[in-house]
Amino acid sequence: MRPRTLDEIVGQDEILAPGRPLREAIQRDLLQSIILWGPPGTGKTTLARVIADITKAYFVPFSAVLAGIKEIKDVMATAQDRRRRSGRRTIVFVDEIHRFNKAQQDAFLPRVEAGDIVLIGATTENPSFEVNAALLSRSKVFVLQPLTSDAIELILRRALSDRERGLGAGDIAVSDDAISAIARFANGDARSALNLLEFAAASAPMDPETCVRQLGLPQLEQSIQRRALLYDKGGEEHYNLISALHKSMRNSDPDAAVYWVARMLEAGEDPLYVARRLVRFASEDIGNADPQALVVAVAAKEAAHFMGMPEGNTALAQAAIYLATAPKSNAVYTAYGAAAADAHTEAADPVPLHLRNAPTKLMKQLEYGKGYEYAHDDPEGTAAMDCLPESLAGKRYYKPTERGFEKEIKRRLDGWEQIKKQRRST
């Protein structure tokens with residue numbers, strides 16, 4: 001069921017819709033080296049194969065897991081010779097390019113520079129950290145997004161109706177509930193969804209009267225050996241559960257918090273999605289009432305990413321319980337909202353001169369930095385100068401509560417404000 005044309009690729013309209021630069025470059029055979037970054041099953045290899053079919057270049061697939069530097073150099077030499085003899089470029093597709101070390105990645109550089117090859121690298125890891133700077137600077141990075149449930153449902157229905165490459169030639173009826181459940185369990189991975197559909201369809205019972213195999217939610221549950229949580233096509237249940245988690249933690253209910261985390265993870269929710277929501281909650285609903293909350297949430301995200309599932313589930317549960325039992329404050333959230341509103345609606349006043357750096361003689365002549373007071377030189381560690389634009393002088397965005405550590409922050413801010421008032425009056 002691998003797509004054979006750009007139009008058959010589902011869920012990547014942001015980079016492949018008609019008129020997008022990548023699509024235009026492919027169709028006009030003007031493609032330069034690119035890195036495709038995205039989660040598993042989002043179409044990186046598929047897109048490389050489609051590019052090979054559309055363009056006139058010679059296509060060489062590579063696996064970073066299996067290939068060594070000798071193989072790379074051999075392919076590079078062949079590509080150079082092919083271009084000299086026929087003018088034909090070579091597309092070198094490297095799956096899991098992040099697994100190549102620096103020396104292996106460097107082996108591509110001369111031929112990329114010379115234009116003998118078009119390098120297409122596929123990676124599930126951030127190219128900024130996993131692809132060396134020299135190669136990255138010569139490539140354009142395109143991000144492939146996890147497929148939505150709707151996109152995966154479309155792929156599944158295509159597989160069920162395709163008589164040549166899919167399951168259309170077999171007599172099988174799959175309920176809408178089962179298709180939706182498979183799409184949810186796949187977590188944005190089309191390959192995973194198709195594998196699960198194929199396995200479940202093969203083991204589905206046959207109706208003795210119609211001789212048609214029936215795959216519904218109960219049969220699907222047996223295939224995956226765990227309860228299939230039903231989500232509707234709009235994803236309402238998905239958002240209902242994350243809302244329940246947020247509101248349980250906000251209401252300081254650790255029992256409900258750990259239940260909703262478990263409910264989502266056991267239903268096949270992406271653990272990093274849960275982790276992202278915990279990180280957001282730590283700053284939105286706790287903030288400086290307990291500054292450690294954000295540290296715990298980020299650590300849980302790293303642990304879940306490092307260990308994967310199911311080992312990472314307790315790290316997420318630990319974070320949810322910690323956040324539920326922490327003192328709450330939305331002062332940081334409301335401060336940013338108010339500041340952002342002013343940034344959008346108020347005049348964008350220039351930065352006050354006394355807050356500007358003056359690294360050049362001209363800047364000093366223009367009085368950049370004049371009047372700046374170095375806080376460390378003050379006995380109290382704070383100066384009386386204003387740090388907001390003149391039109392916003394005296395504006396208060398951050399208003400700490402009396403809960404948790406914010407009580408101490410409020411005490412400090414009140415004390416510094418008294419010191420500043422006294423100095424301004426003298």
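The values are calculated or read from the model by the stated rules, or taken from the named source; none is laboratory data. These numbers were taken from a predicted model, which means no experiment stands behind them. Here the Cβ is made from the backbone with ideal geometry for all residues, glycine too, and neighbour counts use every protein chain on show. These area figures cover heavy atoms from the full protein model, side chains too; ligands, DNA and RNA do not enter into them. Shrake-Rupley method; radii C 1.70, N 1.55, O 1.52, S 1.80 Å.
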Among S248, I224, A338 - extreme Cα towards positive end, dipole of the stretch 220-364, charges at beta-carbon
A338
Using just the C-alpha positions of the stretch 214-370 as equal point scatterers, what log10 of I(q)/I(0) does the Debye formula give at each q in 0.09, 0.14, 0.15, 0.16 1/Å?
-0.46, -0.78, -0.84, -0.90
Quick check for me: using +1 on Lys/Arg Cβ and -1 on Asp/Glu Cβ, what's the dipole size of the chain about its Cα centre, in debye to the nearest 20?
1500
Rounded to the nearest 500, what is the chain's calculated 222 nm mean residue ellipticity when only DSSP H runs of at least 4 contribute -39500 (n - 2.57) each, over all residues?
-15000 deg cm²/dmol
Over the stretch 229-351, what is the relative contact order in whole percent, taking alpha-carbon pairs under 8 Å and six or more residues apart?
29
Identify which of G216, G337, G381 has the largest mean-square fluctuation in a Gaussian network model of the chain, with springs joining Cα atoms closer than 10 Å.
G381
If N is the number of residues in the stretch 60-117, what value comes out of its Cα radius of gyration divided by 2.2 N^0.38 Å?
1.07
Probe 1.4 Å, heavy atoms of protein chains only: per residue, the accessible area of the stretch 1-156 in Å² is 48
Accessible area expressed per residue, the stretch 371-426, with surrounding protein chains retained (probe 1.4 Å, Å²)
75
Quick check on the chain: of the DSSP beta bridges with both residues there, what percent are antiparallel, nearest 5%?
5
When the dipole is taken about the Cα centre of the stretch 214-363, and only Lys, Arg (+1) and Asp, Glu (-1) are charged at their Cβ, what size is it in debye, to the nearest 20?
280
For Cα pairs less than 8 Å apart in space and 6+ apart in sequence, what is the mean separation divided by the residue count of the chain, i.e. the relative contact order in percent?
11
Based on the Kirkwood radius over alpha-carbon pairs, what is the Stokes-Einstein translational diffusion coefficient of the stretch 308-353 at 10 °C with 1.306 mPa s viscosity, in µm²/s?
111
Charge-dipole axis of the stretch 18-161 as Lys and Arg at +1 and Asp and Glu at -1 on Cβ define it, positive-most pick from F100, F129, S86:
S86
Collect residues whose amide H, placed 1.01 Å from N in the peptide plane, falls under 5 Å from the amide H of G121; neighbours closer than 5 in sequence don't count.
I34, I35, L36, V94
Two pseudo-spin positions, 7 Å from Cα along C-beta at E209 and at D255, lie apart in nanometres by 4.8
Roughly speaking, what % of Cα-Cα pairs in the stretch 1-107 are separated by over 20 Å, rounded to a whole number?
44
Post the alpha-carbon centroid distance, the stretch 110-170 to the stretch 1-66, in whole angstrom.
6
Taking N as its residue count, the alpha carbon Rg of the stretch 256-315 over 2.2 N^0.38 Å:
1.09
Accessible area per residue in Å² at 1.4 Å probe, computed on the stretch 251-324
45
With every protein chain in place, the chain: carbon and sulfur % of accessible area (1.4 Å):
52
Apply the Kirkwood formula to the chain: the hydrodynamic radius equals the inverse of the mean of 1/r over all pairs of different alpha-carbon atoms; give it in Å with one decimal.
26.5
Taking the C-alpha atoms of the stretch 83-145, how large are the radius of gyration and the largest Cα-Cα span, Dmax, in Å?
12.1, 39
Computed log₁₀ I(q)/I(0) - Debye formula, equal Cα scatterers, no solvent, the stretch 280-426, q 0.17, 0.21 Å⁻¹:
-1.06, -1.23
Take the Cα coordinates of the stretch 91-233, assign each an equal point scatterer, and use the Debye formula without solvent to give log10 I(q)/I(0) at q = 0.12, 0.19, 0.21 Å⁻¹.
-0.65, -0.98, -1.13
Gaussian network model of the chain, Cα within-10 Å springs - most flexible of Q219, Q365, Q105:
Q365
Relative to the Cα centre, what is the charge dipole magnitude of the stretch 63-185, using +1 at the beta carbon of each Lys and Arg, -1 at the beta carbon of each Asp and Glu, and rounding to the nearest 20 debye?
840
Once both axes come from the Cα atoms, what is the angle between helix 254-266 and the longest principal axis of the chain, in degrees from 0 to 90, rounded to 10?
30
Only sites in a loop by DSSP and with at most 11 other Cβ atoms within 10 Å count here; which trypsin sites (Lys or Arg not before Pro) in the stretch 367-426 make the cut?
K370, R396
Could you tell me which residue out of T382, T401, H238 lies farthest along the dipole of the chain toward its positive end? Charges go on the beta carbon: Lys and Arg +1, Asp and Glu -1, centred on the Cα centre.
T382
